[in-house]
Amino acid sequence: MNDVAHQGPKRGADRAVLLAHGAGADMHAAALTTVADALAAAKIPSLRFNFPYKAAGRRGPDRPPVLEAALRDAARELAARAKVPADRLVLGGRSMGGRIGSMVAAQDGALGVVLLGYPLHPPGKADQLRVDHFPKLTMPVLFASGTRDAFGAPDELREQARKIKGPVRFHWIDTADHGFKPLKSSGLTPSVAMAGVADAVVDFVASLPPQT
């Protein structure tokens, strides 16, 4: 598979993380590379990849079935490269990528789900919720979001996350927007905010049950 980046050990791990990019970015987005670097330092394999539209140089995302198929292909690639079973994969990613990862996890299962800036609804359209699949998420889920995210405020996320059957963990970035950029008045720099997100992901993934 082209347009992929694998990091971390190639054998010996009992879990691995698939990181999908957001609609307007690609697999080199800082949110994904920072997390991948932190996972590699913790000896946890990860794989980043480009969805077909991004690999082809198009701006508009593919339809959900195409995105889901591409994510499944990437998951198989990660399982093969990291030498871990499919049920030992953590699926997720940034914004749209996290949403598609969670939709696949709801259908196929996963060890866990990581949602970096989950797009709960379009900005200004709180009635258009993207939560139909939440009740089918029976595995642990991590949400990492800014407290000023126009795609879903903390209270909205907490309320909708109650529909998830598995245990849910939240990591909030104080004053940050959907792009994880905090207000200058917070004293939090974007790099420190991103490092905090990466640490939260590593802690979450490391806390998942060991292979039996």
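Regarding residue 40, is this residue hydrophobic (A, V, I, L, M, F, W, C) and either under 26 Å from residue 134 (Cβ atoms) or touching a helix residue (DSSP H, G or I) at 6+ places or on another chain (Cβ under 6 Å) (or both)?
On the way: hydrophobic (A, V, I, L, M, F, W, C): yes; either under 26 Å from residue 134 (Cβ atoms) or touching a helix residue (DSSP H, G or I) at 6+ places or on another chain (Cβ under 6 Å) (or both): no.
Here the answer is no, as residue 40 does not meet what is asked.
Identify the residue in region 149-163 that is within 16 Å of the chain's Cα centre (by Cα) and among the hydrophobic types (A, V, I, L, M, F, W, C) and, among all such residues, is farthest from residue 94 (Cα to Cα).
The qualifying residue farthest from residue 94 (Cα to Cα) is 161.
How do the strands (runs of 3 or more DSSP E) wholly within region 52-168 filter down when requiring 1 or more residues that are of a type in the set (Phe, Trp, Tyr) and closer than 25 Å to residue 24 by Cβ: which remain?
Numbers: elements: 89-94, 112-116, 141-146.
Where strands (runs of 3 or more DSSP E) fall fully within region 52-168 and carry at least 1 residues being of a type in the set (Phe, Trp, Tyr) and closer than 25 Å to residue 24 by Cβ, they are 141-146.
Is region 73-90 home to any residue that is surrounded by 24 or more Cβ atoms within 10 Å (Cβ to Cβ), under 8 Å from the mean Cα position of the chain (by Cα) and not small (Gly, Ala, Ser)?
no
Against the conditions (1) surrounded by fewer than 24 Cβ atoms within 10 Å (Cβ to Cβ); (2) within 20 Å of residue 32 (Cβ to Cβ), where does residue 134 fall short? Just the number, please.
(2)
Among (1) touching a residue at least 60 places away in the same chain (Cβ under 8 Å); (2) touching a strand residue (DSSP E or B) at 6+ places or on another chain (Cβ under 6 Å), which single condition is residue 179 missing?
(2)
I'd like to know if region 143-153 contains one or more residues that are hydroxyl-bearing (Ser, Thr, Tyr) and surrounded by 17 or more Cβ atoms within 10 Å (Cβ to Cβ).
Residues of region 143-153 hydroxyl-bearing (Ser, Thr, Tyr): 145, 147.
Among the residues that remain, those that are also surrounded by 17 or more Cβ atoms within 10 Å (Cβ to Cβ) are: 145.
Yes, that holds for at least one residue.
Given the conditions (1) out of contact with any strand residue (DSSP E or B) (no Cβ under 6 Å at 6 or more places or on another chain); (2) within 20 Å of residue 203 (Cβ to Cβ), and given that residue 142 satisfies all but one, which numbered condition is not satisfied?
It is condition (1) that residue 142 fails.
Identify, please: which residue in region 174-201 is hydrophobic (A, V, I, L, M, F, W, C) and not in a loop (DSSP other than H, G, I, E, B) and is, among those, nearest to residue 112 (Cα to Cα)? Reasoning before the result, please.
Narrowing region 174-201 to residues hydrophobic (A, V, I, L, M, F, W, C): 176, 180, 183, 188, 192-195, 197-198, 200-201.
Remaining after also requiring not in a loop (DSSP other than H, G, I, E, B): 192-195, 197-198, 200-201.
Numbers: 192: 25, 193: 23, 194: 20, 195: 21, 197: 16, 198: 16, 200: 14, 201: 11 Å.
Per the stated criteria, the residue is 201.
Yes or no, residue by residue, for (1) touching a Leu at 6+ places or on another chain (Cβ under 6 Å); (2) closer than 24 Å to residue 67 by Cβ:
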| position | (1), (2) |
| --- | --- |
| 6 | yes, yes |
| 23 | no, yes |
| 28 | no, yes |
| 34 | no, yes |
| 41 | no, no |
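Within region 37-44, identify whether any single residue is at pLDDT 95 or above and farther than 20 Å from residue 142 by Cβ, and answer yes or no.
Checked region 37-44: no residue is at pLDDT 95 or above and farther than 20 Å from residue 142 by Cβ.
Which one of these does residue 156 not meet: (1) surrounded by 22 or more Cβ atoms within 10 Å (Cβ to Cβ); (2) free of Cβ contacts under 8 Å to residues at least 40 places away in the same chain; (3) not aliphatic (A, V, I, L, M)?
Of everything listed in (1) surrounded by 22 or more Cβ atoms within 10 Å (Cβ to Cβ); (2) free of Cβ contacts under 8 Å to residues at least 40 places away in the same chain; (3) not aliphatic (A, V, I, L, M), residue 156 misses just condition (1).
Name the single residue that is surrounded by the most Cβ atoms within 10 Å (Cβ to Cβ) among those in region 13-52 being under 15 Å from residue 80 (Cα atoms) and touching a residue at least 60 places away in the same chain (Cβ under 8 Å). Even if it seems obvious, please write down each step before you answer.
The first filter runs over region 13-52 and keeps only residues under 15 Å from residue 80 (Cα atoms), leaving 13-18, 44-49.
Narrowing further to those that are touching a residue at least 60 places away in the same chain (Cβ under 8 Å): 13-18, 44.
Details: 13: 19, 14: 16, 15: 21, 16: 26, 17: 30, 18: 28, 44: 23.
Checked region 13-52; the qualifying residue surrounded by the most Cβ atoms within 10 Å (Cβ to Cβ) is 17.
The values are calculated or read from the model by the stated rules, or taken from the named source; none is laboratory data. On a predicted model such as this, the values are computed, not experimentally measured, just so you know. Virtual Cβ from ideal backbone geometry, glycine too; neighbours counted across all protein chains shown.
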